[in-house]
Amino acid sequence: MHGMDRNRRGGWLLLALALVAALGLTVCALGLREGEAHLLFGGVVLVAIAVAGQLQRVAERPGRDGGTPSLSERASWQHVGVGMAAILVLGGLSLGSMQGRFSSWLFFFAYVLIVAFYPQFRTRFIEANLRHRDLAGDERDHVLRAQGDRVAKRVLELALVATAVAWVAMPGLSAPSAEPVRVASLLLSLVLVANVVGEARVAWLYWRDRQ
Amino acid sequence: MQTRPWQVAGLAAIALPALWLLLAGPERALGVDSGNAGMVLLVTAAWTSLLALSRLPRGEAERKIAPAEWKAWIGTGFMLVAMVFLATRAELFLGPSADRHTAQGVVRSLVMLLVAWAVLSRVVAARWAGAVDEDERDREIALRASGHGRNALVMAGIALAVSLGFSPPDRLAWATHLGIANLLVFGLMLGWLVEYAATALMYVTDRRR
């Protein structure tokens, strides 16, 4: 009975992911036709979200010894999804969607909070799903998390250096003071990209460990 | 072999003018760019102290101080000087009247400093090559310090983004691409400084326990 329920839920999830991918491709096509970078970016991120969702479905299957994903592994996947959704909005803002509108400030304010409290969401997710006598994290969790954090730090450093070099090398860009929210959103997007890469690395390490 | 007072005085005679030239000196001293001259003197001081260190026998005191702690202290010193150097030249980068040519000279000096730091840290690593130089405690400290460094870097990024996002446009005259690029580099150095300083402090605290 439980198996049938799981299969049915998996089928619906697959359909939802296919719809997200189709929407992404449509937005990409629109972006190409209109020559709008933020639409193209949004479409690419939607497709990436669909791909990540499918990868999560595959990765969360029981391993060879029947081991199911731990809470920490599921938290990593959840963070990849949340981070990509945030990148979709902030990346779009930095490329000029919602230009000059008040909503861009509201979105920016909301996503500042998401970026600032990103690690706390993870802890909250794990604590909320802990069952009686479960531990929040063991030695293996700490080792895998440390590797992910190291990758995230390196990615953020490289992204900041690349952005700084690009801005110095291209003096012809319009002044940031004219569209400050765009530049600010770009900076937050870089932090989020680094977080997502780090979480993806952790999720992959968990998966490999279970195989 | 003991360190003699004249050696310390000699080192100070090189390091102090270097710091003066870098942080508070005139733009040009004796017809030479003071930033470059200060950088050369500072690197000379660092090399001299490293040479003195390498000639010391591997005594009890040295065995107590882990290679990672030496590296952390050197990194802290270099990052501190580099950050203060960049901060004292901030008016060259920020604002619409930023002088691109002068700013490039400062960036050149800064890059020299960072390259010199990278070379020095390699030399320190080579000095302990072949010895078992990392244990469980070192890894634990490195992990925690790296976390502090990453948090500092993320906080610097968020602070810059919030300043840009929530400041009225008439107060953002400083926000040129050149200025923000240099603030990003400053944030990066802050992250490294926090990481090195946290490492060094954790070793000191651990030794005193």
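The values are calculated or read from the model by the stated rules, or taken from the named source; none is laboratory data. Only a predicted model underlies this, so the values are computations on that prediction, with no experimental measurement involved. FYI the Cβ positions are ideal-geometry reconstructions off the backbone, even for glycines, and counts take in every protein chain you see.
Under 9 Å by Cβ, and 6 or more places apart or on different chains, what pairs join a residue from the range A:190-202 that is within 16 Å of residue A:157 (Cβ to Cβ) with one that is of a type in the set (Phe, Trp, Tyr) and part of a helix (DSSP H, G or I)?
A:191/A:118; A:192/A:111; A:192/A:118; A:195/A:118
When you look at residue A:53, is it touching a helix residue (DSSP H, G or I) at 6+ places or on another chain (Cβ under 7 Å) and not in a helix (DSSP H, G or I), yes or no? Quick ask: steps written out before the conclusion?
Values: touching a helix residue (DSSP H, G or I) at 6+ places or on another chain (Cβ under 7 Å): yes; not in a helix (DSSP H, G or I): no.
The answer is no for residue A:53.
Identify, from the list A:113, A:205, the residue that is modelled with pLDDT under 85, part of a helix (DSSP H, G or I) and under 20 Å from the mean Cα position of the chain (by Cα). Spell out the reasoning first.
Values: A:205 fails: modelled with pLDDT under 85.
After applying the criteria, what remains is A:113.
Any residue at all in the range A:31-44 that's modelled with pLDDT under 80 and assigned to a helix (DSSP H, G or I)? Quick ask: steps written out before the conclusion?
Of the residues in the range A:31-44, the ones modelled with pLDDT under 80 are none.
Within the range A:31-44, not a single residue is modelled with pLDDT under 80 and assigned to a helix (DSSP H, G or I).
Being at pLDDT below 75 and within 19 Å of the chain's Cα centre (by Cα) is the filter here, so list the residues in the range B:53-77 that pass it.
Residue satisfying the conditions is B:67 alone.
From the list B:42, B:30, B:50, exactly one residue is within 30 Å of residue B:142 (Cβ to Cβ) and modelled with pLDDT under 75. Which is it?
It is B:50.
With the checklist (1) more than 7 Å from chain A (Cβ to nearest Cβ); (2) over 20 Å from residue B:88 (Cβ atoms); (3) surrounded by 15 or more Cβ atoms within 10 Å (Cβ to Cβ) in hand, flag the one item residue B:204 doesn't pass.
So the condition that residue B:204 fails would be (3).
Quick test of your reading of the structure: residue A:177 fulfils all but one of (1) at pLDDT below 75; (2) in a loop (DSSP other than H, G, I, E, B). Name the failing condition by number.
Going through the list (1) at pLDDT below 75; (2) in a loop (DSSP other than H, G, I, E, B), residue A:177 breaks only (2).
Within the range B:134-144, identify whether any single residue is more than 9 Å from every other protein chain (Cβ to nearest Cβ) and at pLDDT below 70, and answer yes or no.
Yes.
Of all residues in the range B:156-180, which are in a helix (DSSP H, G or I), free of Cβ contacts under 8 Å to residues at least 24 places away in the same chain and within 7 Å of another protein chain (Cβ to nearest Cβ)?
B:158, B:161, B:162, B:164, B:165, B:169, B:177, B:180
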